[in-house]
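Visitor: Quick one: structure below, then a few questions.
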Amino acid sequence: MSKSTNLQLGVFCAIGASLCFSLNDVVIKFLSGDYALHQVVLTRSIIGLVFTLAILIPLEGGVKNLKTKRPLLHILRGLCVVMANMLFFLGLASMPIAEATAIFFIAPLAITAFAVFFLGEKVGIRRWVAVLLGLVGVLIMLRPGSESLKLIALLPAGAAIFYALLHTLTRKIGLSETASTMSLYIQLTFVFVSASIGLAVGDGRYYGTGNPSLDFIFRQWIFPNTFDLTIMCTIGITSSLGGYLISQAYRVAEANKIAPFEYINMPLAVVWGVLIWGHWPDTPAWVGILLIFGTGLYVVFREGKVGKQANKQRPIQ
C-alpha cells in the first residue's frame, strides 16, 4: 500500500480504537455501583480472549505466530496494562469520567520522562516545560489546600504511569511481535489477575467502606442480569478490538500522525459525562483539562518532529 493509504488506514484504526476504549470506560463506570471490578474485568477478559483466539489470531496467520522469544516482557506488559486499567476504573467509580480521562492523558508526558531514564533518549527544554505544565494541570485538578482535595485523582494518574511503562516496554519489543500476540498475552494476564483477586476478596467480606472506589474492588460477586451480562460481553469484544486496532494503527503509520487521534477520548468523555451522569466540569477542572490536553498534544507533535530530524541526520546503513 502507498504511504497515504497506510496513513488513512492508521487514522481509521486509531479512531475506531478510541471509540472502543471510550465505550469501555462508559460501561465500566455504569456497572461500578452494582458489581465488583474484578468480576467485570474477568467476564470482559474471557470474552476478549475467545474473540482474540477465534478472530484476531487467524487474521495474522494463525497460532504459529504466537511463539515468542520474549515471554517475560509480554508478562510485564500485561501487568502494566492490568494495573493501568484497574487504577483508572477505580478512579472512574468516584470521579467524573471527563476529569479521570483528562488526568490519564498525562501518559505522553510520563512516556517522555521514562524515555530519558530508561531508554537514554534526549529530551529538549521545551518538552520538559510541557511535562511540568502538564503536572501543574494535575495539581489544579487535585485542588491542594482546599476542602475538596481530590486524592482520588491519584488513581488515574497512577494508571497513566503504568500506561507509560507499557509503551516503554513496547519499544523494547519493537516490531518483532504481532498485534494479536501482544493482545493474547494481555488478555491472559487480565484473566489470571482478576480471577486471583476474585478468589481473595470476592466473597465481599471487606465490602462496606463507604468509599465508591474501595467498594468497587471489595464488592461481592453476584450473577449479573441479562442486560448487564450482555454489555459485559460486549465490552469484552470492543476492548479486544480496540487493542488490536491501536496496535495496527501504530504499525502501519507514523506514531506522530496517529497519537493525536487518541485524544478523541477527551471530548467524548465530556459528552458522556454530561449526557449520562450530568457531570459538567467546573472552572478548576476545565483549567486542568486544557493544560493536560494542550501539553500532551504538544509533546506528541514535538516528539514526531524531533524523530523526523533524527532520521534525516542518521547515516544510511
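Visitor: From the list Leu90, Leu79, exactly one residue is buried (at least 24 other Cβ atoms within 10 Å of the Cβ), in a helix (DSSP H, G or I) and out of contact with any Asp or Glu (no Cβ under 8 Å at 6 or more places or on another chain). Which is it? I'd like the intermediate steps shown before the answer.
Guide: On the way: Leu79 fails: buried (at least 24 other Cβ atoms within 10 Å of the Cβ).
Testing whether each residue is buried (at least 24 other Cβ atoms within 10 Å of the Cβ), in a helix (DSSP H, G or I) and out of contact with any Asp or Glu (no Cβ under 8 Å at 6 or more places or on another chain) leaves just Leu90.
Visitor: Residues in the stretch 260-282: is at least one acidic (Asp, Glu) and closer than 18 Å to Phe105 by Cα?
Guide: First, the residues of the stretch 260-282 that are acidic (Asp, Glu): 262, 282.
Filter once more, keeping what is closer than 18 Å to Phe105 by Cα: 262.
Checked the stretch 260-282: at least one residue is acidic (Asp, Glu) and closer than 18 Å to Phe105 by Cα.
Visitor: Select from the stretch 269-279 the residues that are surrounded by 19 or more Cβ atoms within 10 Å (Cβ to Cβ) and either touching an Asp or Glu at 6+ places or on another chain (Cβ under 9 Å) or modelled with pLDDT under 90 (or both) and list them in ascending order. Step through it out loud before you land on a result.
Guide: Going through the stretch 269-279, the residues surrounded by 19 or more Cβ atoms within 10 Å (Cβ to Cβ) turn out to be 269-270, 272-273.
Ala269, Trp272, Gly273, listed by residue number.
Visitor: Go through (1) outside any helix (DSSP H, G or I); (2) at pLDDT 90 or above and name the single condition Lys69 misses.
Guide: Answer for Lys69: the failing condition is (2).
Visitor: Of a type outside the set (D, E, K, R) and not in a helix (DSSP H, G or I): which single residue out of Trp272, Trp280 fits that description? Steps first, please.
Guide: On the way: Trp272 fails: not in a helix (DSSP H, G or I).
Unique residue meeting the criteria: Trp280.
Per-residue answers, yes or no, for (1) in a helix (DSSP H, G or I); (2) in contact (Cβ under 8 Å) with a residue 12 or more places away in the chain; (3) within 27 Å of Phe218 (Cα to Cα):
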| residue | (1), (2), (3) |
| --- | --- |
| Thr5 | yes, no, no |
| Val11 | yes, yes, no |
| Ser18 | yes, yes, no |
| Leu23 | yes, yes, yes |
| Val40 | yes, yes, yes |
| Gly48 | yes, yes, yes |
| Phe51 | yes, yes, no |
| Leu56 | yes, yes, no |
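Visitor: Right, another one. So for the stretch 285-304 (the condition being under 20 Å from Gly124 (Cβ atoms), aromatic (Phe, Trp, Tyr), in contact with a helix residue (DSSP H, G or I) (Cβ under 7 Å, 6 or more places away or on another chain) and at pLDDT below 90), does at least one residue qualify?
Guide: yes
Visitor: Conditions: (1) crowded, with 22+ Cβ neighbours inside 10 Å; (2) under 16 Å from Ser240 (Cβ atoms). Leu59 meets all but one. Number of the miss?
Guide: (1)
Visitor: With the structure loaded, tell me whether Thr52 is at pLDDT below 90, surrounded by fewer than 19 Cβ atoms within 10 Å (Cβ to Cβ), of a type in the set (Ser, Thr, Tyr) and more than 17 Å from Ile276 (Cβ to Cβ) or whether it fails that test. Walk me through how you get there before you give the answer.
Guide: Details: at pLDDT below 90: yes; surrounded by fewer than 19 Cβ atoms within 10 Å (Cβ to Cβ): no; of a type in the set (Ser, Thr, Tyr): yes; more than 17 Å from Ile276 (Cβ to Cβ): yes.
Against the criterion (at pLDDT below 90, surrounded by fewer than 19 Cβ atoms within 10 Å (Cβ to Cβ), of a type in the set (Ser, Thr, Tyr) and more than 17 Å from Ile276 (Cβ to Cβ)), Thr52 does not qualify.
Visitor: Working only within the stretch 221-243, note down all residues that are in contact with a helix residue (DSSP H, G or I) (Cβ under 9 Å, 6 or more places away or on another chain) and either of a type in the set (Asp, Glu) or more than 18 Å from Leu92 (Cβ to Cβ) (or both).
Guide: Step one: of the stretch 221-243, the residues in contact with a helix residue (DSSP H, G or I) (Cβ under 9 Å, 6 or more places away or on another chain) are 221-224, 228-229, 231-243.
Those that are in contact with a helix residue (DSSP H, G or I) (Cβ under 9 Å, 6 or more places away or on another chain) and either of a type in the set (Asp, Glu) or more than 18 Å from Leu92 (Cβ to Cβ) (or both): Trp221, Ile222, Phe223, Pro224, Asp228, Leu229, Cys233, Ile237, Ser240, Leu241, Gly243.
Visitor: Let me ask something else about it. How do the pairs read when you match residues in the stretch 270-297 that are closer than 20 Å to Ser94 by Cβ with residues anywhere that are crowded, with 19+ Cβ neighbours inside 10 Å and of a type outside the set (A, V, I, L, M), using Cβ under 6 Å and keeping only pairs 6 or more apart or on different chains?
Guide: Sorted first by the residue in the stretch 270-297, then by its partner, the pairs are Gly273/Pro96; His279/Pro96; His279/Gly273; Ala285/Glu99; Gly288/Gly137; Ile292/Phe105; Ile292/Gly134; Ile292/Gly137.
The values are calculated or read from the model by the stated rules, or taken from the named source; none is laboratory data. Computed from a predicted model, the values in this text were never measured in an experiment. Here Cβ is always computed from backbone atoms with ideal geometry, including for glycine, and neighbour counts include all displayed protein chains.
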